[in-house]
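The values are calculated or read from the model by the stated rules, or taken from the named source; none is laboratory data. Remember, it's a predicted structure, so these values are computed and weren't measured experimentally. Note that each Cβ is placed from the backbone with ideal geometry, even for glycine, and that neighbours are counted across all protein chains shown. The area values use the complete protein model at the heavy-atom level, side chains included, leaving out ligands, DNA and RNA. Shrake-Rupley method; radii C 1.70, N 1.55, O 1.52, S 1.80 Å.
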Amino acid sequence: MKNIGITSTFKNIAYYKFEKNLIDSSGNNYNGFSNTTLAYAGGKVGKNSVDFNGKTNSMQETKIPASIFS
C-alpha cells in the first residue's frame, strides 16, 4: 500500500504512512481512526502496513475543517 496524503493548493494537510497506526505524520494531528480491528501485513514500503480488506474495515480521518480548502 502506498502512503496517502491529503493536500490543498497551499500545504500538506495530512499524511498517513499506515505503518502500525493511523497517525497523521504531517504534524497537523488529523489522526485517523477505525471502528474495526485492523490487520497489518508486509507492504511495499514498510514491514507493518495496514491491510484494508475492502469489505469490513476502513479508516476515517479526524474531521478536517472545510476552511482549509477555501
Being aromatic (Phe, Trp, Tyr) and either open to solvent by 60 Å² or more (accessible area, probe 1.4 Å) or within 23 Å of Ser67 (Cβ to Cβ) (or both) is the filter here; which residues of segment 16-25 pass it? Tyr16
Going through segment 26-70 in order, the residues found to be within 29 Å of Lys11 (Cβ to Cβ), in a loop (DSSP other than H, G, I, E, B), open to solvent by less than 60 Å² (accessible area, probe 1.4 Å) and of a type outside the set (Val, Ile, Thr) are Ser26, Gly27, Tyr30, Asn31, Ser34, Leu38, Gly43, Gly46, Asn48, Phe52, Met59, Pro65
Exclusive hit being modelled with pLDDT under 85 and surrounded by 15 or more Cβ atoms within 10 Å (Cβ to Cβ), set Ile13, Ile4: Ile13
